[in-house]
Amino acid sequence: MQQRSEETRSRILGSAIKLFSARGFNAASVADICKDAGISKGAFYHHFESKQALFLALLDVWLQTIDNAIEASKDKTVPETFMLITEAFPFIFETAGEGLPMFLEFWLQASRDEKIWQASIAPYRRYQKHFTSLIKKGVDEGSFVKVDPELTARMIVSMAMGLLIQSLLDPKGAKWEKTAREITKMMMDTLLRKSEA
């Protein structure tokens with residue numbers, strides 16, 4: 001029963017990505033999603049209270065990869081944490097590349113809908129806070145040179161978003177996963193105390 005419920009939810013998410021990407025959030029109806037997924041409206045509303053809730057669930061599914069990488073690194077030193085997070089890059093770039101229209105939909109809907117904007121901006125603020133805390137820890141433990149943790153965290157989040165947007169708009173413009181790793185290494189070389197490097 002539980003497995004069937006999970007399969008139904010996965011089908012709904014898959015159909016939603018396809019239809020939101022092809023038609024846009026407003027044009028893709030719950031009925032369209034149900035038809036594509038081969039389910040009833042009752043099954044849809046069992047899993048999601050609204051089309052908006054489904055849309056936000058898609059964002060959560062993608063962000064879970066980043067959250068998992070952060071969670072897996074919580075007992076590591078700060079430099080190890082940064083390098084472990086880069087291990088999530090392949091999946092992040094691969095899934096982002098497959099879903100360019102979906103990402104554009106997130107940004108478009110966020111500009112029109114306060115609830116979606118709040119849900120979209122929350123992860124940025126969470127990652128900003130996480131990296132500020134991480135960099136402060138690195139400075140305090142002596143593995144990083146003295147830097148402004150908040151400003152450095154803002155730079156990291158901005159760099160990550162910039163790379164993601166570039167990879168979406170120009171997928172063949174660079175080997176984005178490799179570029180992300182090299183930028184992370186360059187940043188680490190700058191932040192690490194020379195005795196650590």
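The values are calculated or read from the model by the stated rules, or taken from the named source; none is laboratory data. For clarity, every value in this text was computed on a predicted model and none was experimentally measured. Reconstructed Cβ throughout: ideal geometry from the backbone, glycine too, with neighbour counts over all protein chains shown. Note: areas computed on protein heavy atoms with side chains; ligands, DNA, RNA excluded. Shrake-Rupley method; radii C 1.70, N 1.55, O 1.52, S 1.80 Å.
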Can you pull out the residues in region 133-150 that are open to solvent by 30 Å² or more (accessible area, probe 1.4 Å), outside any helix (DSSP H, G or I) and in contact (Cβ under 8 Å) with a residue 40 or more places away in the chain?
Val145, Val147
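Can you tell which of Ala160, Ala153, Ala180 is in a helix (DSSP H, G or I) and at pLDDT 90 or above? Steps first, please.
Working: Ala160 fails: at pLDDT 90 or above; Ala180 fails: at pLDDT 90 or above.
So the residue among Ala160, Ala153, Ala180 that is in a helix (DSSP H, G or I) and at pLDDT 90 or above is Ala153.
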From the list Ala28, Ala57, which residue is over 22 Å from Pro123 (Cα atoms) and either out of contact with any Asp or Glu (no Cβ under 8 Å at 6 or more places or on another chain) or aromatic (Phe, Trp, Tyr) (or both)?
Ala28
Residues of region 63-91 being outside any helix (DSSP H, G or I) and open to solvent by 30 Å² or more (accessible area, probe 1.4 Å), in sequence order, are Lys74, Asp75, Lys76, Thr77, Glu87
Given the structure, is Thr184 of a type in the set (S, T, N, Q), within 24 Å of Asp75 (Cβ to Cβ) and open to solvent by less than 80 Å² (accessible area, probe 1.4 Å)?
yes
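Determine whether Phe48 is at pLDDT 85 or above, open to solvent by less than 70 Å² (accessible area, probe 1.4 Å) and in contact with a Pro (Cβ under 8 Å, 6 or more places away or on another chain). Give the derivation first.
Numbers: at pLDDT 85 or above: yes; open to solvent by less than 70 Å² (accessible area, probe 1.4 Å): yes; in contact with a Pro (Cβ under 8 Å, 6 or more places away or on another chain): no.
Considered against the rule, which asks whether it is at pLDDT 85 or above, open to solvent by less than 70 Å² (accessible area, probe 1.4 Å) and in contact with a Pro (Cβ under 8 Å, 6 or more places away or on another chain), Phe48 comes out as no.
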Restricting the first residue to region 105-132 and requiring it to be small (Gly, Ala, Ser), which pairs with a second residue that is open to solvent by 40 Å² or more (accessible area, probe 1.4 Å) meet a Cβ separation below 6 Å and a spacing of at least six or different chains?
Ala110/Trp117
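If you check Ile121 against the conditions, is it of a type in the set (A, V, I, L, M, F, W, C), loosely packed, with under 12 Cβ neighbours inside 10 Å and either over 15 Å from the mean Cα position of the chain (by Cα) or on the phi < 0 side of the Ramachandran plot (or both)?
Spelling it out, Ile121 is indeed of a type in the set (A, V, I, L, M, F, W, C), loosely packed, with under 12 Cβ neighbours inside 10 Å and either over 15 Å from the mean Cα position of the chain (by Cα) or on the phi < 0 side of the Ramachandran plot (or both).
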